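The values are calculated or read from the model by the stated rules, or taken from the named source; none is laboratory data. Since we're looking at a predicted model, the values are computed, not measured. Positions of Cβ are backbone-derived with ideal geometry, glycine not excepted, and every protein chain shown enters the neighbour counts.
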Amino acid sequence: MKKIKTILAILPALLFSCAGDDVEKYIPPTPIAPSEPGEEVVYHKRAKEQFDLINQCYRINSGATEGLYNENYPKKDGDNSASFLWPYDGLVSGAAALHALGYDVNYADMVDQFEVYYRTPSGTVGGYGSQTNGTTGSGTRFYDDNSIVGIELVEAFNLLNNQDYLTKAKRIVEFLQAGEDDMFGGGLWWNEDQKGQQGVGDSNKPTCANGYATLFLLEYYSVCPQEEKADVLALAKRLYAWTLTNLRDPEDGCYWNDKQADGSINKTKWTYNTGVMISNGVRLYKITGEQTYLDSAIASSEGAYNYFVRPLNGLALAYPDHDPWFTTKLVRAFIDIEPYYKNAGNYIKTFINFLDYAYENARLSNGLFYEDWTGATPKRAEQLLMQDAALESLGMIALYKGETVTEE
């Protein structure tokens, strides 16, 4: 097998500077020095380095939330006893990639830990809360959070063949079914606690809730029992159609953020919103054979690249310098659509160059990634979600390139 050389920019001594319990000794880091050029990158090794670093800096090793992760490194005053559900889910997504590549990362245990976020308030359908005390869930139950957990559960079923994960995923279908209403002709609100409250910004029907619910439903459709398929696909189509009709910008195919409770549109555009709808269009085309789904996805792909990728902070082409977890979802969509739209291959190459640049120029001396992958500022490097984005990106590209851990 072809020998692949790599360079390990994170030294063991630096790795172990991150303590593993609730109170870490914190040494303010400096920007990491770039390595020598010319070495061929092995992305799965960089992904595993990143995963190990996350565990050393963020994993909680004692107490009620043992085995979960802190929101920040170092832990801040006022932080919860464990991270919110969103960054934990981002970490599990990265662990799934490592497992698929061939690493032993206790992936099943990490998936099982989702259950400590689950809660069933009296008289309601169960769902995953945004917080946990290490035993039970608490906090708001968001429809996008639950759908993203559902995507992870289906992926875990595919990787581990554990029927229990499908049983848990079915509960999320029921949670989504209970959340759908007919205000504005359908769709899901962002969360169950703020529905139809005019003047409240968080009371909205967003692309993220409806788009990720659609993606989860289509993933679940691919593995669920035959008797469930018709209802699951029908709900996915309704949510997709609602989002397309209400939140797609006809000028460039990108998606606006949300429809407010007063009917106005928040026209902010985020990479992940357009990304998830591209992924949905590809899946619906594959399921139904209807060309319109693919045509919409291709137009949105071109529109998203043209809208989000541009010269920035001295780079000829860069994805946004903020929220890299969002960008990862757009690039996943480009990978989904590449077999049907060859230009997506160039979009992915641009991202790989951006990822390589970030690895060399947008990390602290302890290896943690900045939010800003152009390297202009080290903001938000303390957040688990920023590290999740780098982990998932590295693992995703390793899989895209066909790497495995057997390469030497």
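Here's a check for you: in the stretch 110-129, which residue that is more than 19 Å from the chain's Cα centre (by Cα) and over 13 Å from I172 (Cα atoms) is modelled with the highest pLDDT? If we take residues in the stretch 110-129 being more than 19 Å from the chain's Cα centre (by Cα) and over 13 Å from I172 (Cα atoms), then V116 is modelled with the highest pLDDT. Return yes or no: is D249 touching a strand residue (DSSP E or B) at 6+ places or on another chain (Cβ under 8 Å) and either among the charged types (D, E, K, R) or at pLDDT 95 or above (or both)? For D249, the condition - touching a strand residue (DSSP E or B) at 6+ places or on another chain (Cβ under 8 Å) and either among the charged types (D, E, K, R) or at pLDDT 95 or above (or both) - is met. Scanning the stretch 185-205 for residues that are farther than 10 Å from D262 by Cα, of a type outside the set (G, A, S) and surrounded by 15 or more Cβ atoms within 10 Å (Cβ to Cβ) returns L188, W189, W190, N191, E192, Q194, K195, D202, K205.
Tell me the strands (runs of 3 or more DSSP E) entirely within the stretch 204-318 that contain at least 2 residues that are over 29 Å from Y357 (Cβ atoms) and within 23 Å of the chain's Cα centre (by Cα). Give the derivation first.
On the way: elements: 204-206, 256-260, 265-269, 310-312, 315-318.
Here the list reads 204-206, 256-260, 265-269.
Taking the criterion of being assigned to a loop (DSSP other than H, G, I, E, B) and surrounded by fewer than 23 Cβ atoms within 10 Å (Cβ to Cβ), the residues of the stretch 69-88 that qualify are E71, P74, K75, K76, D77, G78, D79, N80, S81, F84. Evaluate the stretch 335-346: report whether one residue or more is surrounded by 24 or more Cβ atoms within 10 Å (Cβ to Cβ), in contact (Cβ under 8 Å) with a residue 60 or more places away in the chain and aliphatic (A, V, I, L, M). For the stretch 335-346, residues surrounded by 24 or more Cβ atoms within 10 Å (Cβ to Cβ), in contact (Cβ under 8 Å) with a residue 60 or more places away in the chain and aliphatic (A, V, I, L, M): absent. Which one is surrounded by the fewest Cβ atoms within 10 Å (Cβ to Cβ), of the residues in the stretch 96-116 that are assigned to a helix (DSSP H, G or I) and among the acidic types (D, E)? Filtering first and then ranking leaves D109.
Within this structure, D104 passes the test of being in the same structural domain as V116 (by the TED database), within 30 Å of E403 (Cα to Cα) and over 18 Å from the mean Cα position of the chain (by Cα).
Here is a check on your reading of the model: is K170 of a type in the set (D, E, K, R), surrounded by fewer than 22 Cβ atoms within 10 Å (Cβ to Cβ) and assigned by the TED database to the domain that holds P87? First the steps, then the outcome.
On the way: of a type in the set (D, E, K, R): yes; surrounded by fewer than 22 Cβ atoms within 10 Å (Cβ to Cβ): yes; assigned by the TED database to the domain that holds P87: yes.
Criteria met by K170.
For the stretch 181-234, a residue qualifies if it is of a type in the set (G, A, S) and either in contact with a helix residue (DSSP H, G or I) (Cβ under 7 Å, 6 or more places away or on another chain) or over 24 Å from E152 (Cβ atoms) (or both), and the qualifying residues are G185, G186, G187, G196, G199, G201, S203, A209, G211, A213, A230. The numbered conditions (1) buried (at least 24 other Cβ atoms within 10 Å of the Cβ); (2) within 22 Å of E39 (Cβ to Cβ); (3) among the polar types (S, T, N, Q) are all true for N353 except (1). Name every residue in the stretch 381-406 that is part of a loop (DSSP other than H, G, I, E, B) and surrounded by 17 or more Cβ atoms within 10 Å (Cβ to Cβ), in order of residue number. Selection gives A381, E382, E403.
Has the stretch 152-169 got any residue that is touching a residue at least 24 places away in the same chain (Cβ under 8 Å), within 19 Å of L217 (Cβ to Cβ) and part of a loop (DSSP other than H, G, I, E, B)?
So the first thing to find is which residues in the stretch 152-169 are touching a residue at least 24 places away in the same chain (Cβ under 8 Å), and the list is 152-160, 162, 165-166, 168-169.
Those still in the list that are within 19 Å of L217 (Cβ to Cβ) too: 152-158, 165-166, 168-169.
Now restrict to residues that are part of a loop (DSSP other than H, G, I, E, B): none.
No.
Given the options A108, A100, A96, name the one that is over 21 Å from A389 (Cβ atoms), in contact (Cβ under 8 Å) with a residue 12 or more places away in the chain, aliphatic (A, V, I, L, M) and in contact with a Leu (Cβ under 8 Å, 6 or more places away or on another chain). Talk me through it step by step, then tell me what you get.
Numbers: A100 fails: over 21 Å from A389 (Cβ atoms); A96 fails: over 21 Å from A389 (Cβ atoms).
The match here is A108.
In summary, K349 fulfils each of the numbered conditions (1) within 20 Å of G90 (Cβ to Cβ); (2) in a helix (DSSP H, G or I); (3) of a type in the set (K, R) with the single exception of condition (1). Taking every residue in the stretch 381-393 that is outside the structural domain of A97 (by the TED database) and among the small types (G, A, S) and pairing it with any residue that is modelled with pLDDT of 95 or more and part of a strand (DSSP E or B), at least 6 positions away or on another chain, the pairs with Cβ-Cβ distances below 9 Å are A381/R363; A381/L364; A381/F369; A389/F369; A390/R363; A390/F369.
Hey, any hits in the stretch 287-304 for a residue that's out of contact with any helix residue (DSSP H, G or I) (no Cβ under 9 Å at 6 or more places or on another chain) and of a type in the set (D, E, K, R)? Within the stretch 287-304, none of the residues are out of contact with any helix residue (DSSP H, G or I) (no Cβ under 9 Å at 6 or more places or on another chain) and of a type in the set (D, E, K, R).
Can you find even one residue in the stretch 348-366 that is modelled with pLDDT of 95 or more, of a type in the set (D, E, K, R) and in contact with a strand residue (DSSP E or B) (Cβ under 7 Å, 6 or more places away or on another chain)? Yes, the conditions are met somewhere in the stretch 348-366. On inspection, V23 qualifies as at pLDDT below 55, among the β-branched types (V, I, T) and assigned to a loop (DSSP other than H, G, I, E, B). Tell me which residues, restricted to the stretch 151-165, are farther than 17 Å from P87 by Cβ and crowded, with 18+ Cβ neighbours inside 10 Å. Once the filter is applied, which keeps residues that are farther than 17 Å from P87 by Cβ and crowded, with 18+ Cβ neighbours inside 10 Å, the stretch 151-165 yields L153, V154, E155, A156, F157, Y165.
Residues in the stretch 308-334 that are buried (at least 17 other Cβ atoms within 10 Å of the Cβ) and in contact with a strand residue (DSSP E or B) (Cβ under 9 Å, 6 or more places away or on another chain): F308, V309, L312, A318, Y319, P320, D321, P324.
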